[in-house]
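The next block holds one structure in the form of structure tokens; read it before the comments.
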Amino acid sequence: MSTNRHAVVVIGLGNPLMGDDGLGIAALERLRARYVLAAGIELVDGGTWGLNLLPVIEDADGVILIDAIDTGASPGTPIRLEHAFLPRYLATKISPHQVDLRDVLGLAELRGTLPRDTVAIGLQPQSIALGDALSPMLAEKLDMVVAAVLEDLARRGFPADGLVAEALHA
């Protein structure tokens, strides 16, 4: 492990060229644009990094994964998966980064380096198909995903300042 340890790493996952699969990246960008986060929080565009995410995860005390999560629920349903349920649900997903992520989490678990405080937050996707925009349903609920991430950070002792980027430049 490196010496660049972070208290919490927030990783946006997905492929923004595959419709709702880009949810994690869109939510991460909204966090970056609208909030000032506490020291010790790192925002990572995990995209489809796969095994390259292993050192990022291992260098964290806690991890929040943001993603479109297919649990078979109705489209747009909010999903929160705690540590124990991550590999099972991520294994059933259909986007290209999922198998790699399951492998990363499994490898970190085997190595004893997967933070116990690891969760996944997202929405049930409506459409995973070629396209550079979220479905209208998921786009409407993007702020709800960001709010869930902020609530999780606050629970961990890292409240965010709700400073909108435009206000910082005024």
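The values are calculated or read from the model by the stated rules, or taken from the named source; none is laboratory data. Remember, it's a predicted structure, so these values are computed and weren't measured experimentally. Neighbour counts run over all protein chains shown; Cβ positions are idealised from the backbone, glycine included.
The listed residues are 34, 30, 5, and the only one of them that is modelled with pLDDT under 90 and out of contact with any His (no Cβ under 8 Å at 6 or more places or on another chain) turns out to be 5. Take the residues in the range 66-84 that are under 17 Å from residue 139 (Cβ atoms) and outside any loop (DSSP other than H, G, I, E, B), then tell me which one is farthest from the chain's Cα centre (by Cα). Step by step, filter the range 66-84, then rank; the result is 78.
Listed by first and then second residue, the pairs linking a residue in the range 39-52 that is assigned to a loop (DSSP other than H, G, I, E, B) to a residue that is small (Gly, Ala, Ser), with Cβ atoms under 7 Å apart and 6 or more places separating them unless they lie on different chains, are 40/7. Within the set 110, 163, 150, the sole residue that is modelled with pLDDT of 95 or more and hydrophobic (A, V, I, L, M, F, W, C) turns out to be 150. Any residue in the range 33-47 that is more than 24 Å from residue 115 (Cα to Cα) and acidic (Asp, Glu)? No, every residue in the range 33-47 fails to be more than 24 Å from residue 115 (Cα to Cα) and acidic (Asp, Glu). Could you check, for the range 58-65, whether at least one of its residues is out of contact with any strand residue (DSSP E or B) (no Cβ under 8 Å at 6 or more places or on another chain), assigned to a loop (DSSP other than H, G, I, E, B) and buried (at least 16 other Cβ atoms within 10 Å of the Cβ)? No - not one qualifying residue is present in the range 58-65. If only residues of the range 70-89 that are among the hydrophobic types (A, V, I, L, M, F, W, C) and modelled with pLDDT under 90 are counted, the one that is surrounded by the fewest Cβ atoms within 10 Å (Cβ to Cβ) is 84. Restricting attention to the range 136-160 and to residues that are small (Gly, Ala, Ser) and over 15 Å from residue 78 (Cβ atoms), the residue that is surrounded by the fewest Cβ atoms within 10 Å (Cβ to Cβ) turns out to be 157. With respect to the conditions (1) among the charged types (D, E, K, R); (2) crowded, with 18+ Cβ neighbours inside 10 Å; (3) at pLDDT 85 or above, residue 93 lacks only one, and its number is (3).
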